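To keep things clear, I will list the structure first and then write my remarks on it.
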Amino acid sequence: MMGALRLAPIARIGAVVCLVLFALCLLLPGAYLQNYGVAPDPGGTFMVQRAAPMFLAVAAILWVIAGAPQSPLRGQILVCLALFFAGVAVTGVYHIATGQAGPGLWAGVVAEVVATVLLIGLRNR
């Protein structure tokens with residue numbers, strides 16, 4: 001299944017998505033929360049804005065790793081990125097299951113699981 005996939009385009013698409021999420025979280029934190037069925041409040045918007053730079057960092061790592069030659073270090077970085085996305089997916093499932101977020105979060109969870117699987121699958125390619 002992973003045979004036809006290449007890291008560079010997948011990593012660059014992921015980088016652009018993370019860059020958009022960074023801007024959204026920084027500039028429109030209330031909209032980000034509402035997309036997931038969470039009512040914005042000062043504490044929530046504060047935390048979303050504080051977390052925004054994490055998306056910027058992941059975007060930068062994905063962009064840089066897209067051009068890196070295959071190596072053990074590149075593979076380890078991809079595993080670390082996969083752990084990030086898996087962790088975010090797990091927290092998303094938890095927040096849906098406990099009623100803290102609405103069903104709109106499922107789209108994010110699916111994207112995070114896909115990112116996790118792709119990054120793990122491409123770590124040695």
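The values are calculated or read from the model by the stated rules, or taken from the named source; none is laboratory data. This one's a predicted model, so the numbers in the text were calculated from it and none came from an experiment. A quick note on method: Cβ atoms are made from the backbone with ideal geometry, for glycine too, and the neighbour counts reach across all protein chains shown. Ligands, DNA and RNA are stripped out before the accessible areas are found, and what is left, the full protein with its side chains, is counted by its heavy atoms. Shrake-Rupley method; radii C 1.70, N 1.55, O 1.52, S 1.80 Å.
Give the residues of segment 97-111 that are open to solvent by 30 Å² or more (accessible area, probe 1.4 Å) and either assigned to a helix (DSSP H, G or I) or without any contact (Cβ under 8 Å) to a residue 12 or more places away in the chain (or both), sorted by residue number. Let's see the steps before the verdict.
Residues of segment 97-111 that are open to solvent by 30 Å² or more (accessible area, probe 1.4 Å), as a first pass: 97-100, 103-104, 106-107, 110-111.
Answer for segment 97-111, where residues must be open to solvent by 30 Å² or more (accessible area, probe 1.4 Å) and either assigned to a helix (DSSP H, G or I) or without any contact (Cβ under 8 Å) to a residue 12 or more places away in the chain (or both): 97, 98, 99, 106, 107, 110, 111.
Out of all the residues in segment 9-28, which are open to solvent by less than 30 Å² (accessible area, probe 1.4 Å) and either farther than 13 Å from residue 55 by Cα or of a type in the set (Gly, Ala, Ser) (or both)? Give the steps one after another, and end with the answer.
Our first condition is that a residue be open to solvent by less than 30 Å² (accessible area, probe 1.4 Å); within segment 9-28, this holds for 11, 14-15, 18, 25.
11, 14, 15, listed by residue number.
Among the residues of segment 36-75, which ones are within 14 Å of the chain's Cα centre (by Cα), open to solvent by 60 Å² or more (accessible area, probe 1.4 Å) and among the aromatic types (Phe, Trp, Tyr)?
The answer is 63, and nothing else.
Pick out the one residue from 26, 33 that is part of a helix (DSSP H, G or I), of a type outside the set (Lys, Arg), farther than 20 Å from residue 100 by Cβ and more than 14 Å from the chain's Cα centre (by Cα). Before you say what the answer is, go through the steps one by one.
Details: 33 fails: farther than 20 Å from residue 100 by Cβ.
Testing whether each residue is part of a helix (DSSP H, G or I), of a type outside the set (Lys, Arg), farther than 20 Å from residue 100 by Cβ and more than 14 Å from the chain's Cα centre (by Cα) leaves just 26.
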